[in-house]
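The block underneath contains the structure these notes are about, expressed in structure tokens.
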Amino acid sequence: MDVKSIANMAVLAGEIMLRSGAETYRVEDTIKHILDTAGTAETEALVMLTGIIVTINRPGQEPVTIMRRVHDRGTNMHRIVEVNEISRKYCAGELSAEETQQKLKNIKGRQYTVRISSFILNILCTAGIAVTAAGLKMWIPALNMDTVIISCIMPLVPGVAITNAIRDTLRGDYISGGARALEAFVTAAAVAIGAGAGMASMNIFLHGGGLW
């Protein structure tokens, strides 16, 4: 496999990991290990929260540089583990370049793109949770509505993003760390707005008042 194909394969692995919620330093490390299989070429990898840039510089030849924009991100630890295992097997010579490329494409093919802003989506989801909990409260008066709402919105709380923001910052990657912290704040704000809006709308509909 030529060096350009190796660079594309490294970027593909990094893109999957970044979209799945991996820390930027972990993505850079994986990409660098794959790039180093290009032989005597000098390799560099720069990963930010929204993009990846890799370069392979071969003596006496034009350098190969590839940039990939990463638009949407989520959390999927299983995909991160899969990419790590595939990259390790490739670097150890247990997988050919073609097999590695195909396996990575299969992982990417199982990902899906949300066609709505994550901020709006989180608001709609948490609002729906609050409305549903209020509706259940009408049928089951003994139900603790606050417990139901908190339990349901916990998977939406950006705990992994906050943890990764701290880890990236401690490793000196301040741009990605700050971006992740801001992303976590926006997600938390969307969750709070959605839950509050859902509770308020149901209270207005049922009692003609504001928040409980």
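Values for this structure:
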| quantity | calculated |
| --- | --- |
| Relative intensity, log₁₀ I(q)/I(0), of region 1-124 from a Debye sum that treats every alpha carbon as a point, q = 0.14, 0.23 Å⁻¹ | -0.58, -1.37 |
| Largest-first ordering by accessible area, 1.4 Å probe, given options PHE185, PHE119, PHE205 | PHE205, PHE185, PHE119 |
| Fraction in percent of alpha-carbon pairs per bin - 10 Å, region 153-201 | 29, 40, 21, 8, 1 |
| Span-rule helices in the chain, defined as complete DSSP H runs reaching 15 Å or more along the axis (Cα) with Kyte mean at least 0.0 | 3-19, 118-139, 159-170, 174-207 |
| Unit Cα scatterers, Debye sum, region 11-56: log10 I(q)/I(0) for q = 0.15, 0.21, 0.26 Å⁻¹ | -0.32, -0.59, -0.86 |
| Pairwise label distance in nanometres, LEU143 with VAL157, each label 7 Å out on the Cα-Cβ vector | 2.1 nm |
| Gain on full stretching of the segment that runs from ILE193 to ARG115 - 0.36 nm per residue minus C-alpha separation | 26.0 nm |
| Alpha-carbon spread of region 86-212, three principal axes, descending order, Å | 67, 32, 27 |
| Rule-of-thumb Rg ratio for region 58-100 [Cα; 2.2 N^0.38 Å; N residues] | 1.61 |
| Rough spin-label spacing in nm, given labels placed 7 Å along Cα→Cβ, for ASN106 and PHE185 | 4.3 nm |
| Dipole magnitude (debye, nearest 20) for the chain, charges at Cβ of Lys, Arg, Asp, Glu | 480 debye |
| P(r) weight above 12 Å for region 131-185, C-alpha pairs, percent | 68 percent |
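The values are calculated or read from the model by the stated rules, or taken from the named source; none is laboratory data. Owing to the predicted nature of the structure, the values given are computational and were not obtained by experimental measurement. Using ideal geometry, Cβ is built from the backbone for each residue, glycine included, and neighbour counts are taken over all protein chains shown. Just the protein is used for accessible areas: all its heavy atoms, side chains included, with ligands, DNA and RNA removed. Shrake-Rupley method; radii C 1.70, N 1.55, O 1.52, S 1.80 Å.
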